[in-house]
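Here the structure comes first, spelled out in structure tokens, and everything after it is commentary.
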Amino acid sequence: MISSNSKVILEVRNLSASVAGIEILKGINLTVRSGEVHAIMGPNGSGKSTFSKVLAGHPGYTVTGGEVLFEGQNLLELPPEERARNGVFLAFQYPIEIPGVSNSAFLRLTYNTQQAHRGGEELDPLEFNDFIQEKCKIVEMDPSFLDRSVNEGFSGGEKKRNEILQMAVLDPRLAILDETDSGLDIDALRIVASGVNKLMTPDNAVIMVTHYQRLLNYITPDFVHVMRRGRIIKTGGKELALELETRGYDWLDDEYQRATPA
Amino acid sequence: MSTTLEALINRPYEYGFVTDIESDAIPKGLSEDVVRLISKKKNEPDWLLEFRLSAYRHWLTMTEPVWANVSHAKIDYQNIIYYSAPKPKKKLASMDEVDPELLRTFEKLGVPMHERKMLANVAVDVIFDSVSVTTTYKEKLAEVGIIFCSFSEAVQHHPDLVKQYLGSVVPSADNFFAALNSAVFTDGSFCYIPKNTKCPMDLSTYFRINNAESGQFERTLIIAEEGSHVSYLEGCTAPRFDTNQLHAAVVELVVLDNAEIKYSTVQNWYAGDENGVGGIYNFVTKRGLCKGVNSKISWTQVETGSAITWKYPSCVLLGDNSIGEFYSVALTNHHQQADTGTKMIHIGKNTRSRIVSKGISAGQSNNSYRGLVKVGAKADGARNYSQCDSMLIGSVCGAHTFPYIEVMNSTAKVEHEASTSRIGEDQMFYFASRGIGGEEAVSMIINGFCKEVFNHLPMEFAVEATKLLGLKLEGSVG
């Protein structure tokens, strides 16, 4: 499925970013091609979540250097809503609750906004109902969740499933899953992972940010990157994740320091 | 009445008003003569003049209330014209002549074309002739014996009803602004629902188009006889401009046994500009009396306009098992100030009340909820539930809650819940990451926040109110 001929979806070059004046990302390089699954691992505070938020355009972070091309276009000059409409999707680690707004109304608005942007057909509530019922099956979500307020009173697992449901609705070119496995029990993890697998096509790509190897048992990455202090210090295949599971991160640190003398 | 007194009362305009009798306006200022002149111009019976005069005399002894959480320049009550007959506005030939800003608002609100014309005072097509619409409704209402007319008409044609109920809920000396209104009110609406009648349609002030200019001191009186039911709509979402800065209306509702009044308001008076210059001062006294057993009053309000809103639609729960409800959305932006809430006075046994208040503050505005729940000594089994939620947009606005609870009966149950939240960066980012931009996101968050109140509005009002809030908040988020 993957070859070096696959289209480049995301090209990150020497990206650095700060929050409140503190530099968090210190020169990230990453190339993601269509059909690929990338896992970004690393200990707490290594900058993984910051990286995903910067890609999606969180206004709290300031890009201080480097560039990001998304399908050849300068992503950093776009506001977050346009990045989303162009096909960048971020599944949140902590999805926000929106009291009083029904899940189905929210999903339909996001879908129709997306469709309007792509020049596709917008759906009325009845048509959308048929459409969304099918999508619910992907994450084994009971349709009764559609009538509830977005994420309000959802369990941790339900919130994460709802994120993947949104991904199914928006059909992004690049999905960034920020610690989607955190707080999930094993059943929920299996459902969420299988949802993501069903949504994978040769034309899209996934970046998974995670602490743990266990998610990678369900979604097989093509590349595993290790982040440490704002940089990617090692890239390998899926076996790297297994190695991290047994050896931790510190050995990589030492190796990296030897390779790049200060 | 002594002849001297009579002579005094009937003494015509010796301060030079005589020459003005043919003209539409009387000079600025307020005096007993002005009150008499208003009454005379409206051809009112003596008892109504007496009502006005006693209100005026009491008003002279009162001072403006200062307890509300609002501030404004001192109002010069002698610098106001208290009576001017509705001047026919110049009819515009086409929509091209209408202020483009107003057109943009109509567009955003989705007001139907014929309504836009009516509101913008453009001559209306024959098909949509507002007068004939009004007439059709009037005929339909008359069939079931419902009286729905201007207050002035009611004084002329149904004086006994007006006399019986006027001031029975809001006494003329109730408060400073109610007293002022009682002295100088010019017109308003009157509505009477006979026994066991369910009003076949929502009564809207909108259909009383011939009396649209009821002025700054509006008076409304609604009476629901035993077993009757009516839903009354006041105002509209389209912005209303008025040269009168001070508005002091009084609304009285009377509900008898097993009857119900549902009163819905959308208020969008001119709020002043972005710097807080201009705008209406809206000092309103609204109160309903649940006089009969099992009676019910439900107030729903969406307050988005006026520079200052001072308004507490209240329920006096006199009849046993009567119910009072208050659902409110108050939105303030720029330099607007709102001090609004309700009073639930439990007097009868097993009376119940429910308060749901949603305050939204943006810009540099200040939004206060002020509410009183009072349970009298005889109100066995009274229950109240209050919920006050505030939402802040930006960092320089204010939200305040002033709940007063007075309970004199140990069997009463009173609950109060309050919350304050803020539309934050993370919420906005969540929407953005799904492709939804700033204004649409705020609109959706706000409408979700207000849903519980909007659910109590009549359908078409709810749809417009939803759009209205979005419109009022334009540009208030990054």
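Just wondering, is there one or more residues in region A:109-120 that are away from every other protein chain (no Cβ under 14 Å) and hydrophobic (A, V, I, L, M, F, W, C)? Checked region A:109-120: no residue is away from every other protein chain (no Cβ under 14 Å) and hydrophobic (A, V, I, L, M, F, W, C). Which of the residues spanning region B:138-155 are outside any strand (DSSP E or B), touching a residue at least 40 places away in the same chain (Cβ under 8 Å) and of a type in the set (Gly, Ala, Ser)? Hits for region B:138-155 are B:Gly145, B:Ser152, B:Ala154.
Yes or no, residue by residue, for (1) surrounded by fewer than 16 Cβ atoms within 10 Å (Cβ to Cβ); (2) within 16 Å of A:Ser52 (Cβ to Cβ); (3) of a type in the set (Val, Ile, Thr):
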{"site": "A:Arg190", "(1), (2), (3)": "yes, no, no"}
{"site": "A:Thr201", "(1), (2), (3)": "yes, no, yes"}
{"site": "A:Met227", "(1), (2), (3)": "no, yes, no"}
{"site": "A:Thr235", "(1), (2), (3)": "yes, no, yes"}
{"site": "A:Gly248", "(1), (2), (3)": "yes, no, no"}
{"site": "A:Leu252", "(1), (2), (3)": "no, no, no"}
{"site": "A:Ala259", "(1), (2), (3)": "yes, no, no"}
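Test A:Gly72 against the criterion of being closer than 27 Å to A:Ile233 by Cβ, surrounded by fewer than 22 Cβ atoms within 10 Å (Cβ to Cβ) and of a type in the set (Gly, Ala, Ser), and give yes or no.
In short, no.
Filtering region B:420-448 to residues that are hydrophobic (A, V, I, L, M, F, W, C), facing chain A (nearest Cβ under 7 Å) and assigned to a helix (DSSP H, G or I) leaves B:Phe429, B:Ala432, B:Met444, B:Ile445.
Every test in (1) within 20 Å of B:Tyr263 (Cα to Cα); (2) surrounded by 23 or more Cβ atoms within 10 Å (Cβ to Cβ) is passed by B:Ile323 save one, and that test is (2).
Note on region A:168-177: residues that are part of a loop (DSSP other than H, G, I, E, B) and on the phi < 0 side of the Ramachandran plot amount to 2.
Scanning region A:129-149 for residues that are in a helix (DSSP H, G or I) and either of a type in the set (D, E, K, R) or under 22 Å from the mean Cα position of the chain (by Cα) (or both) gives A:Asp130, A:Ile132, A:Glu134, A:Lys135, A:Cys136, A:Lys137, A:Ile138, A:Asp147.
Checked against (1) in a helix (DSSP H, G or I); (2) more than 15 Å from the chain's Cα centre (by Cα), A:Phe51 passes all but a single condition, namely (2).
Is it the case, given these coordinates, that B:Val414 is farther than 22 Å from A:His117 by Cα, of a type in the set (A, V, I, L, M, F, W, C), more than 14 Å from chain A (Cβ to nearest Cβ) and out of contact with any His (no Cβ under 6 Å at 6 or more places or on another chain)? In short, yes. When B:Thr134, B:Thr63 are checked against the criterion of being outside any helix (DSSP H, G or I) and either surrounded by 12 or more Cβ atoms within 10 Å (Cβ to Cβ) or modelled with pLDDT of 90 or more (or both), a single residue qualifies: B:Thr63.
Considering the conditions (1) within 14 Å of chain A (Cβ to nearest Cβ); (2) out of contact with any strand residue (DSSP E or B) (no Cβ under 8 Å at 6 or more places or on another chain), B:Ala465 is excluded by exactly one of them, (2).
For region B:66-85, what are the residues that are touching a Ser or Thr at 6+ places or on another chain (Cβ under 8 Å) and at pLDDT below 80? Residue satisfying the conditions is B:Tyr83 alone.
One line per residue, one yes/no per condition, for (1) closer than 26 Å to B:Val277 by Cβ; (2) without any contact (Cβ under 8 Å) to a residue 24 or more places away in the chain; (3) in a strand (DSSP E or B):
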| residue | (1), (2), (3) |
| --- | --- |
| B:Phe326 | no, no, yes |
| B:Asn350 | no, no, no |
| B:Ser353 | no, no, yes |
| B:Gly359 | yes, no, yes |
| B:Ala377 | no, no, no |
| B:Asn384 | no, no, yes |
| B:Gly394 | yes, no, no |
| B:Phe402 | no, no, yes |
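A:His38 meets all of the listed conditions (1) in contact with an Asp or Glu (Cβ under 8 Å, 6 or more places away or on another chain); (2) more than 14 Å from chain B (Cβ to nearest Cβ); (3) farther than 28 Å from A:Gly183 by Cα but one, namely (3).
Taken over region A:48-96, the criterion of being more than 19 Å from A:Leu10 (Cα to Cα), in contact with a strand residue (DSSP E or B) (Cβ under 7 Å, 6 or more places away or on another chain) and within 11 Å of chain B (Cβ to nearest Cβ) is satisfied by A:Gly60, A:Tyr61, A:Phe92.
Can you tell me which residue is nearest to the other protein chains (Cβ to nearest Cβ) among those in region B:449-462 that are assigned to a helix (DSSP H, G or I) and either within 16 Å of A:Ser102 (Cα to Cα) or of a type in the set (Phe, Trp, Tyr) (or both)?
B:Lys451
Just to be sure I understand, how many residues within region A:29-60 are β-branched (Val, Ile, Thr) and in contact with a helix residue (DSSP H, G or I) (Cβ under 7 Å, 6 or more places away or on another chain)? Qualifying residue count for the region: 1.
Determine whether B:Asp389 is among the acidic types (Asp, Glu), surrounded by 15 or more Cβ atoms within 10 Å (Cβ to Cβ) and within 14 Å of chain A (Cβ to nearest Cβ). Considered against the rule, which asks whether it is among the acidic types (Asp, Glu), surrounded by 15 or more Cβ atoms within 10 Å (Cβ to Cβ) and within 14 Å of chain A (Cβ to nearest Cβ), B:Asp389 comes out as yes.
Screening the candidates A:Ser144, A:Ser149 for the property of being within 12 Å of chain B (Cβ to nearest Cβ) and not acidic (Asp, Glu) yields one hit, A:Ser149.
Yes or no, residue by residue, for (1) under 21 Å from A:Met167 (Cα atoms); (2) aliphatic (A, V, I, L, M); (3) at pLDDT 95 or above:
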| residue | (1), (2), (3) |
| --- | --- |
| A:Ala20 | no, yes, no |
| A:Met41 | no, yes, no |
| A:Ser46 | no, no, no |
| A:Gly66 | no, no, yes |
| A:Gly72 | no, no, no |
| A:Arg83 | yes, no, yes |
| A:Ala91 | yes, yes, yes |
| A:Ile96 | yes, yes, no |
| A:Val101 | yes, yes, no |
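In region B:138-180, the residue that is modelled with the lowest pLDDT out of those that are touching a helix residue (DSSP H, G or I) at 6+ places or on another chain (Cβ under 9 Å) and among the acidic types (Asp, Glu) is B:Glu153. Counting only residues that are touching a Lys or Arg at 6+ places or on another chain (Cβ under 8 Å) and either on the phi > 0 side of the Ramachandran plot or without any contact (Cβ under 8 Å) to a residue 60 or more places away in the chain (or both), region B:264-285 holds 3 of them.
If you go through region B:237-256 and keep only what is modelled with pLDDT of 60 or more and either among the hydrophobic types (A, V, I, L, M, F, W, C) or assigned to a strand (DSSP E or B) (or both), you end up with B:Leu246, B:His247, B:Ala248, B:Ala249, B:Val250, B:Val251, B:Glu252, B:Leu253, B:Val254, B:Val255, B:Leu256.
Within region A:178-195, is even one residue without any contact (Cβ under 8 Å) to a residue 12 or more places away in the chain, hydroxyl-bearing (Ser, Thr, Tyr) and in a loop (DSSP other than H, G, I, E, B)? No, the conditions are met nowhere in region A:178-195. Checking the structure you have, find out if any residue of region B:289-296 is on the phi < 0 side of the Ramachandran plot, modelled with pLDDT under 85 and assigned to a loop (DSSP other than H, G, I, E, B). No, the conditions are met nowhere in region B:289-296.
The values are calculated or read from the model by the stated rules, or taken from the named source; none is laboratory data. None of the values given here were measured: they were computed from a predicted structure. As a convention, Cβ positions derive from the backbone with ideal geometry for all residues, glycine included, and neighbour counts pool all protein chains shown.
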